Structures are given as structure tokens and as C-alpha cells.
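As C-alpha cells, the structure follows; a few thoughts come after it.
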Amino acid sequence: MNIIYFLIGCSVLLALVFLLAFFWAQRTGQNDDLYTPSVRILLDDETEPQDKK
Amino acid sequence: MTESIFTEKTTCYHCGDECLSTSYVVEDKKFCCLGCKSVYSILSANNLCNYYNFNDHPGLTRARTDKRFDYLDEPSIVRELVDYADDKLTIVTLYIPHIHCSSCIWLLEKLNKFNPGILYSRIDFLKKQLNIKYDTKQLSLRQLVELLFDIDYEPLISLQDVIKKQNRVNAKDNLVQRIAVAGFCFGNVMLLSFPEYLGLSAFEQTFKHFFGWLNILFSLPVVFYSGSEYFVSAWQNLRNKVLNIDFPLALGIAVLFARTVIEILTQTGAGFADTLCGLVFFLLVGKFVQCKTYHHISFERDYRSFFPVAVQVVINDTEKPVPLADLKIGQRIILRHNEIIPADAILLKGEALIDFSFVTGESIPVSKTLGEIIYAGGRQTSEAIELEVVKPVSQSYLTQLWNNEAFTRQQDNRMQTFNERVSKYFAVVLLVIAFGSLVFWLPTSLNRGLAAFTAVLIVACPCALALSTPFTMAAALSIFDKNLFYLKNTAVVEQLAKIDTVVFDKTGTITTAADNQIVLTGTLSALETELVYSTCINSNHPLSRMICQYLGKVNKHELDYYKETPGGGINTLIGKYDVRIGSGKFLFGEFEETAGQTRVHMLINGRYCGYFAFRQNYREGLKQMVDGLSAYQIFLISGDSDHEKNDLLPIFKAEDRMGFNQSPQKKLDFIQLLQRLKGKVIMIGDGLNDAGALKQSNLGIAVTDNINNFSPGCDAILDGRSFNKLPAFLKFSKNTVTIIHCSFLISLTYNLIGLSYAVSGNLSPLTAAILMPLSTATIISFTTVATHFAAKRRKLL
């Protein structure tokens, strides 16, 4: 059953990685604006005007 | 029948307003004004007409076209506005009130199509902010703002935003991180505690120590990072000799942590790490729920956000923009169409037609003669005028209100919340029981005594109590929010429940600012209607526009002669008809207007055809609303003269409940008087002239028809459309307080159950670990369900 020590170590480490990832997201402002991207994705890129081809 | 009328109406392709004129047409697309047309031409010239494909009429009407941004060349002002600047790159965040749809996002994020100097533009839709990075060499801030203005997205640049930027804090960010840490530890500790609850066999005892040590390790950040603010707050309150809810909470956290560490180190038990982490986690979540913020609404506005940032000053015959704070007495300023008078000043040159709608609520512009003092806050609606400043900005008639003590003192007229009142006694009782059980068990055994003492502090930790208020209030807040009633914070709900006196302002509050009622006295034949319409359509005067709207779309005749006398009226010749429209004075020379109404008289070929009278429209359901407030004392105070007294009497019942001709200072004094008579006063107002009264009252509500418009500093902002729901709001706030009381009883019951275990000294970690989350879950679900039920009953949902 000593494998438990290793498994718990792994699980805590993994959880820590996610916690740090959340911190990083928070610090870089990824959670600041949770609405605009949902609209932005619906806007199509415009097609290039035909005469430019 | 009606349908055909609707189809005849042409709406502006850009803004969707009705086109009163047919002269603005490009490529079959009709526009209501030159401004809208020019915005369209700019967009089409840049191949950005997709803007119109995402939404119908995404634009804002551009009736006014001239606006000056000279002050944005002033380095000292620019420095205040930008976030970052060097000689290559400038970053600036602008607040643009008009951002409202996906077209806005699409267009504003394509700004570099207009000017390659703009490197990056990003919208935050909810905050209505535009973040722009641009090349300092290719573009100046002024050019950027002018570009935005040209495409109809005028940023709101005000002195207050400049000031706000300097003391911006991100307390909420910090809270989120604390919650993240607490949640992370809570989850892990729960997992590690499970084996203990299920029972570990003898050969698994080594795991027990391992789990115990890990639990201590996880508790450390929870106590010293996430929970630290409770200790700080409890300590500060103790020093101020106040017992608030943070004290028992901090005590609970400390005792939980100490007992956990000791039990694990001495191997006498499993400790309470899971209860500890859960407690802190739930408490912080409660805190998070409580600090809901409205990004797009500001409750702290004062005159600075209403006034311009800078004003054109004449120095040695040249105009120079000067920041408002540097404006001195004796300086000569120039104001153009649609600019706001920043300080009390004497009119020196030009035709002044001042719209004081924001100061007095009166929507019809007032004309002023040379040499007259014009008070700050009015908006010039006619040509450019020159003025001499007679008082500094902060000492002007309107702004000196902010020097009143109501604005400088801390808010001590706030009523104590239920939570504050209860937690005082709670803390005392808790300590008495804890020490009582310690003393009771001491003669038997010290260990048992200590166990009972700590168990009481753990079990009675007022977690559920601390959560009942935030969750109820947050649910209430979101219900108010759905009904277009925006509260500054959750404490306002409780204040709302305690109100017994309601004071209304008149203009702009119980009347609508926009659609004034026009009443035509006398009859016009079809031809006469056309003549009047043809005359008024050529004038930009607000009254002329209202008359045109009233008459609807009729045939227009060619004018042979047109002369508009500012502040007087219009004289036109149409064929053989001589049309004169205007004030009584303009038409008849000496004339005394009766009834105190604003009237526009009409003379056609010398024959009197009657007059248009302008009356302010009361908000829908005003009478029912006032009747609904019968349990409250109701007053009306108005800055206007009393010519509407007879209209208002049936609504407000008693004459002595209505005050007219009240200056802003008098309004404030009136509130103060009511408070001295032990009234809990709610002030409902709109303009700057109510700002003092709003601040002085126990609860100030600003009524506005557009939440992006200026509203004075207050505790709550009410959208005009929900004005008649006020009685329901007040009743609902009372319900929420009852809900808080009930949830307090529920949490007390849980505490009593826990205490019965605790005083005997036999509190097992499992009991604590079940009791704490169970009580929390009960409280959260009870408050949420009960609040929604109450809202349904009040028809707010």
C-alpha cells in the first residue's frame, strides 16, 4: 500500500498545477471580460473585396 | 389603416430615428440628419458597411455635429488620460457609453482600417470600455478621439474618470485568489479526511500520520492567506471596542487550527482540518457573492463627471484650452453650441440660450441677456458665447453644494444592519457559554474542560449566520437588477426596508424628461398645419422640433422668407401667407403669459390661430405608485414654481406635503429637518440639484431614463421605466429582511444542536464536519428559494 504515498503526491502536484494555472489566468486578466469574446466569435471575418484579386 | 401610416414613416438607416426631412439620401439609404449621413459615408469609404449587416440601425443619432477636442492637445491633460505613453506607443482606455451591440464590437475592433496608426483595439463590452494601443508618431490622442467621434462613438472623457484612475483597486481579484486557494485546500483536505471517517485498520495507522501532516500543511495557507483578513478585521474592531461578526469567526478559525495542530502532533485525534477549510471557503464565497459590482454604473458621480475636462479660455486674443481646475476668476471663456458652462459667469458676448434641464429639470431653454450672471451647469444651445468667470469652479452656485458637510463627513447616518446588531450579542453569549463549560468541567478534568471550551467555539462559529445576509442580499440584488433597479451594494436592501418617509423631486423624477406633452389650443386647418410645419421644420429650436413631431409628417411648402429671432420666434413668408410663430412677447409686444406655462403662439396673416402649450408628462402609473406607498410619509420638493400644484394635488393629497421653489441647499435642509424628526428618509431625485438631498438622506435613489447618462452620486439608480414598481421594491426589501431573520433562526437551531454535543466535550470531528456544510447548504438554499418566492409574490419576477 505504499503506492498511496506516491499517488497522493501525484494528485496534490497535479492539483497544484491547476491552481497555478488559474492564478496565471487571473493575473493576466483572462477572467476580466467574460462576455465580449462570446459575441466576438460570432462575427465573421469579412470577405476580401473581389476587385483586389 | 394604422399599418399604412407606419409604412409611410421612413427611418434613418444609421440610427433608426424617424426621418423628418428627405434631404439626406445616399445610395437609396435615407438618413435623419447630416451627422448620420456623414458617419455612413465614412464607413462606406472604408469598406466597413458590414456594420449595418449585424444589427438594424446600430448607430446613435448624430443630430449635433460640432464638437471640439482641442483640449486633448494639452500635454498635461493627455498625461492624465493615457495609461501608458512613450515616443513609440501610447495605450489608452476610453469609456464609450454608446457601445451596445455586436456591430459596435465589430467596428471598434477594426479601427486600424481607418488609421494604420492604431495598432490594437479591444472592447470590454460590459464595462463599455475600449482599450487602444496606437503609434504616437502617427496619431495623437486628439485625432483618435476625433476619429471615434466621426464614426459616432464619442468617448466620455470627464474629470472624474481622470481622478478615478488614480485610486483604482482590485480588491475583488485578490478575493478570487483567496477563494481559489481555500477551495483547493478544502478539496484536498476532504479527500485526505475520508479514510479517517471510514475507519483505518491497525496496519494502516502510518497513513493516519501522513494524512494528518498533509492536513496541517493544507490548513496553513487557508488560515494565513485566505483567512487572514478575518483576524485583521477582528483585531481592528476589538481595538475600536466593537464586537462584530468577524470576532467569533476569527476565534473559530484560530481554535479550529490550534486544535487540529495539537491533536495531530500529540496523535490524540484527527483534528478539524476539513471543517476549518470548508468554513473559510464558504465564508469567502459569501463575501464574493456580496460584492457584486456594476461596471457600467457609477454611484460616486459628482459634478466633475458632468463638467467638461477643459474649457476654451481667451488669453491675449487667442483661444487656449485650460483644464477646469486651473480656471480663475476674471478669465474669459468661450463656449460653443452644446457646451456646458463650467463656472458661474457673466455673459459678455453672443446670444445665450441655456438649457438648464440638468440643474433645474426644466427642459425648455432659457435665454439670457448680456451682463446677466449664468449659473454653472447649463448647456448652451445656441451660437458661441463669451463669458467672464466670476466664481471658481468649486465655489459656483451648483458646485458649492459639494462643500456641504453632507459630502465631507463619513456616512454616519447609515442604519446598522441586522447582522451588525445581532453579532454583538452573539459574540457575548458565545463567550459566556464557552467559559461556562470550561469552568463546569475544570474540577473534573482539565482536558475535558479545554475540549468543551474549544468545541463550543468551533460549533458555534457563526458561519451560517455570516452567510445568510450575503446570500439573501445577493439574490435580492439580482432581482432588483432584473427590474432595472441598481443598488450600490447589498447593505442598501436592508436600509430600504427601514424607510418610513419618501421624498420625491418633481422635474425629471416624477415627470419624464423626454416626451413633454404638447397641447394645441385652437384649431388649425389642413393648410395652416402645413404652414406651421414648414416654418418649424427649418428651426433647430427644441420647441420647433417638438411641434414638428406633434404635427407629424405633412406637406412642406417652399419658404420665400425666413427669419428666426433667438429667444423669440420665427417669421416666414410662404406664398401669400405671413406666418409668425413664437412667444407672446415676440408676436404681440408687451404680453404677460398666464398660467405659468410655456406657450408658443401662432399668427397667420395677422389672424390668431391659437397656441401650443407645453406641459410636462408625469411618469406612467404615478398616482397608483403614490397610492401604493400609503404606509409611508410622502413629500414632494421641487425647484420649480408652483404652477403645477393643482395637477399634483390629487396625487399627493395634502398641500403642505408639497414644497416648491426649493433651492438645492433648501432641499438638503428639508431632508435634515425630517431626519431630526426621527424620519428614515429616502430621497428620490434625478439632477445635480438633488445631489445634496440625495447625499443627506438615509437612502438616495437617482432616477434616470438612461443609465449611461449622468446621474448624481447616490445609493441606488432606478431606471425610469421601473419607476412605478417602487412600492413593490420597498415591500420586497421588507420580505428579504424577514428572510434574513428566518435564516438566522435556522442557523441558531443548528448551533444549538451542535452546542448540545459541544458542552459535554464530546465533539467528534465527523459531527463538526457534517454539521458545518449541512447548515451552510440549508441556509444557502433556503435564502435563495425564499427570496425568489417573495419576488414572485411581489410580481418582480
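Bear in mind that the values in this text are calculations on the coordinates, not laboratory data. What you see is a predicted model; the values in this text were computed from it and never measured. Positions of Cβ are backbone-derived with ideal geometry, glycine not excepted, and every protein chain shown enters the neighbour counts.
Among DSSP beta bridges whose residues both lie in chain B, state the antiparallel percentage, nearest 5. Don't skip to the end; give the middle numbers.
Numbers: 74 of 93 bridges.
DSSP beta bridges in chain B are roughly 80 percent antiparallel.
For residue B:355, the residues 5 or more places off, or on other chains, whose built amide H falls under 5 Å of its own are B:366, B:379, B:380, B:381.
Charges only on Cβ, +1 for Lys and Arg, -1 for Asp and Glu: so what's the dipole of chain B about the Cα centre, in debye to the nearest 20?
Working: 77 positive and 75 negative charges, 438 e Å.
Roughly 2100 debye for chain B.
Put simply, the amide H of residue B:311, placed in the peptide plane, has neighbours under 5 Å in B:322, B:324, leaving out anything fewer than 5 places away on its chain. Expressed as a whole number of Å, what is the distance separating the alpha-carbon centroids of region B:249-263 and region B:425-460? Taking the Cα centre of region B:249-263 as reference, the centre of region B:425-460 is 14 Å away.
Charges at C-beta only: +1 for Lys and Arg, -1 for Asp and Glu. How large is the resulting dipole of region B:70-157 about its Cα centre, in Debye rounded to 20?
380 debye
Just so you know, the Cα atoms of chain B work out to an Rg and Dmax of 32.7, 116 Å.
Over all other residues within a Cβ to Cβ distance under 12 Å of residue B:272, the charged ones net out to -2, with Lys and Arg as +1 and Asp and Glu as -1. Other protein chain C-beta atoms within 10 Å of residue C-beta, averaged over A:1-7: 2. Counting Lys and Arg as +1 and Asp and Glu as -1 over every other residue whose Cβ lies under 12 Å from the Cβ of residue B:653, the net charge comes to -1.
Rounded to whole numbers, the Karplus 3J(HN,Hα) couplings from phi for region B:661-667 are 6, 8, 7, x, 5, 5, 4 Hz, using 6.51 cos²θ - 1.76 cosθ + 1.60 with θ = phi - 60°, and x at Gly and Pro.
Charge dipole of the protein assembly as shown (Cα centre as origin; +1 on each Lys and Arg Cβ, -1 on each Asp and Glu Cβ, all else neutral): 2340 debye, rounded to the nearest 20.
Neighbouring Cβ atoms within 10 Å as the yardstick, rank B:546, B:190, A:1 fewest first.
A:1, B:190, B:546
Remark on region B:303-403: hydrodynamic radius 13.2 angstrom, per the Kirkwood mean of 1/r across alpha carbon pairs. Think of the protein assembly as shown as a dipole: +1 on every Lys or Arg Cβ, -1 on every Asp or Glu Cβ, centred on the Cα centre; then among B:572, B:664, B:15, B:664 lies furthest on the positive end. The count of lysine pairs in region B:117-270 that are at least 8 places apart or cross chains, and whose C-alpha atoms lie under 22 Å apart, stands at 9. Counting Cβ atoms of other protein chains within 10 Å of each Cβ in B:578-591 and taking the mean gives 0.
For the peptides B:789-796, A:24-31, residues were scored by their other Cβ atoms within 10 Å and the scores averaged per peptide; the highest-first order is B:789-796, A:24-31. Take each residue of peptide A:30-43, count the partner chain Cβ atoms within 10 Å of its Cβ, and average: the result is 5.
Descending by average beta-carbon neighbour count within 10 Å, the peptides B:619-625, B:776-782 line up as B:776-782, B:619-625, the highest first.
As an exercise, take the mean of 1/r over every pair of distinct alpha carbons in the protein assembly as shown, invert it, and state the Kirkwood radius in angstroms.
Details: mean 1/r = 0.0317 Å⁻¹.
Roughly 31.6 Å, rounded to one decimal.
Using r as the Cβ-Cβ distance of residue A:23 and residue B:482, and R0 as 45 Å, what FRET efficiency do you calculate, to the nearest 0.05? Once rounded, the FRET efficiency stands at 0.85. Checking the cross-link pairs B:29/B:368; B:328/B:680; B:488/B:623 against a 30 Å limit on the alpha carbon distance flags B:29/B:368; B:328/B:680 as lying beyond it.
Within 11 Å, Cβ to Cβ, of residue B:341, how many net charges do the neighbouring residues add up to if Lys/Arg are +1 and Asp/Glu are -1? Write down the numbers at each step before the final one.
Values: positive: B:368, B:379; negative: B:339, B:344, B:355.
Residues close to residue B:341 contribute a combined charge of -1.
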